[in-house]
Every structure is written in structure tokens, then in C-alpha cells.
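To start, the structure under review is shown below, and the notes come after it.
Here, each number is a calculation from the coordinates, and none is a lab measurement. These figures come from a predicted structure and were not determined experimentally. Positions of Cβ are generated from backbone atoms using ideal geometry, with glycine treated the same way; all protein chains shown enter the neighbour counts.
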Amino acid sequence: MIDLKEILINSNYKKETEELINIANLAYKHWETYWTGFNSTYVCEEILKDFENLNDFKFFIYGGFSSSQRSRIACFRGDSIPEEDALKNNFPAQGIKINGNFLFDNATQDDFRSLLIENGVNQSKVGDIWTIGDRGAQGIIDNLDIEHLDEKIFYLRDVKVKINVLGIDELQIPSGRTKKLVNTVEASTRLDAIASAGFRISRTKIIERIENGMLRLNGSKVNKPTINLKIGDKLELENKGFIEILNLEITKRERWKVKLLRK
């Protein structure tokens, strides 16, 4: 069995790491594949770095399609490795379609995610959600949290929506988010300034999200927008992806040239 305290002590993602340790112990004991809940794909990749030297276990990251932003980690014994196609075919999730007319009342993926959570779905059970024009949204959700949703009517603000459960292969899978270099000039290296530029969100909204604990700096949640950042820092904003600071350079006018990698 894995020593829980030894691995957790230096982890920036203690809750997620503890879950992975627990399912790893189950996989080792029962000779079966077990899956974590959904987390950002970046977080999945980060926490697996602490497991690289554990030869008794192997892991597989998957979220329902190749470019998913939220994924689950499958864990299985190192001496009983399933085929990748088998893991994908037995992925414990299904597609979901949220139909509604949002032509005059625009809704974001965050709105649709909140709708599911407000109606009894645990956040860790929800994978990617993406909008389909003004007709609603589609996404991926855990198998165990769908029975009470299929064919049901809900309201998102004043818009009536109907939810249908689909096979993942029936979804209109969104195109993958590509890595992008962002160059900007800012008055300071403050967290709110750089996050606003990198995630293309207004300063007011980014401060609100920081104060609500929706942003992580190098894996840890922060709630102070005034923190000064440095080269190599990584920011993760819930449902918006990640940015890494590649370079900071002071100009003659004492402003900051900032080079970011968004992914």
C-alpha cells in the first residue's frame, strides 16, 4: 500500500492526491482499474509527477476526448496493464446535452456547469462543458450522476432547458485549445494585472475570481490580487486554462514587458 503521509507532505494538490492514493490502494488490492473524479488536465499531470517512481502502479489520463480540459486519472497495477482502447471504451462517463434558446440571454460554460451543480451534481463528477451557439451546451458527466437528469426540464435564469443524456460519440466535440504566446505590457507584475491580460478577462472580474478562490498560483489557491509574480510562475483559473510566465522585463518607462504561454 502507498504511504499516504509521505506523498502528501509536499503536494500542492492534497485533496486530489489523497483521492489518487486511495484508488491506487484499491487497484492494487482488487486487481481492477479505478478512476478519480474530474480535475483539470493540468492538475492531473502535476499530481502524477509525485507517482513517477512507483513501479507497482500505472496511470492513464483521459477526459472523454483527446483535447479535454478536465480529465480523470485511471489507476491499475503495473503487472496488469489494460489496453488504451479498452480504457477509453470503458471510460465511466457519458455525454450530456442541455437544450435551450439563449439567443436573447447569452449563457457561458460556467453558467451551464453551475446549473448542473445546483441540481445535485458534484463538481468532481462534471467534465468539460462547452456551448453550442445560442442553443445551449454539451458536455461530459460521470455515469453515476445522470439518471435524475435525463429528459428533465430545468431553468437557467428565465430560460427553460431540457437535458438529454447521450453517448460520448454523439457529441459535437470542440476543437482543442492550442498553446498561445501572449505578449503584453503592464504597469506592474501584480497577480491581477498579469492574470487579466493572460486570461483575457477584465481586471474587475479577475479580482472577483481571485477573491473567490478560483485561481491557483503554482498549485495553491490564492485570494490576494496584489501578489507580485516572477518568471516561471504558473497560474490556473477554474474553467479557463493555464498561463505560465516565460519572461518579465522592465522598460525604460518603468513598465513591465510580460511574455506568457497560455494553454
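Taken one residue at a time, the phi angles of segment 19-30 give Karplus couplings (6.51, -1.76, 1.60, θ = phi - 60°) of 4, 5, 4, 5, 6, 5, 4, 5, 4, 5, 6, 9 Hz. Gly and Pro are set to x.
The slack between residue 226 and residue 56, meaning 0.36 nm per residue of separation minus the straight C-alpha distance, is 56.8 nm.
Here the translational diffusion coefficient of segment 1-112 follows from Stokes-Einstein with Rh set to the Kirkwood radius across Cα pairs; for 37 °C and 0.692 mPa s it amounts to 212 µm²/s. Less than 5 angstrom separates the built amide H of residue 166 from those of 95, 96, 97, all sequence-distant by 5 or more or on a different chain.
Subtracting the Cα-Cα distance of residue 204 and residue 110 from their residue separation scaled by 0.36 nm leaves 32.1 nm. For segment 86-105 versus segment 142-188, the inter-centroid distance based on Cα atoms is 7 Å.
Taken over segment 180-262, the ratio of Cα radius of gyration to 2.2 N^0.38 Å equals 0.98. Taking the Cα centre of the chain as reference, the dipole from Cβ charges on Lys and Arg (+1) and Asp and Glu (-1) amounts to some 1420 debye. Restriction of the chymotrypsin sites (Phe, Trp or Tyr not before Pro) in segment 2-42 to DSSP coil positions whose beta-carbon has at most 14 other beta-carbons within 10 angstrom yields 31. Rounded to 0.05, the FRET efficiency of the residue 80 and residue 22 pair, given R0 = 22 Å and the Cβ-Cβ distance, is 0.75.
On the basis of the beta-carbon distance and an R0 of 25 Å, residue 157 and residue 122 show a calculated FRET efficiency of 0.65.
The helix-only estimate of mean residue ellipticity at 222 nm for the chain, built from DSSP H runs of length n ≥ 4 each weighted as -39500 (n - 2.57), is -7000 deg cm²/dmol after division by the residue total.
Radius of gyration over Kirkwood radius for segment 190-231, both on Cα atoms: the Rg/Rh ratio is 0.91. The GluC sites (Glu not before Pro) found in segment 98-186 that occupy coil by DSSP, while having at most 13 further C-beta atoms within 10 Å, are 147, 151.
Each of 148, 168, 99 was scored by the projection of its Cα onto the charge dipole of segment 93-170, and the greatest displacement toward the positive side belongs to 99; charges sit on the C-beta of Lys, Arg, Asp and Glu. Normalised by 2.2 N^0.38 Å, where N is the number of residues, the alpha-carbon radius of gyration of the chain equals 1.10.
Close amide H pairs (under 5 Å, H built 1.01 Å from N) link residue 76 with 58, residues at least 5 positions away or on another chain. Computed about the Cα centre, the dipole magnitude for segment 93-170 is approximately 160 debye when only Lys and Arg (+1) and Asp and Glu (-1) carry charge, each at its Cβ. For residue 193, the shell of other residues with beta-carbons less than 10 Å away shows a net charge of 0, using +1 for Lys and Arg and -1 for Asp and Glu.
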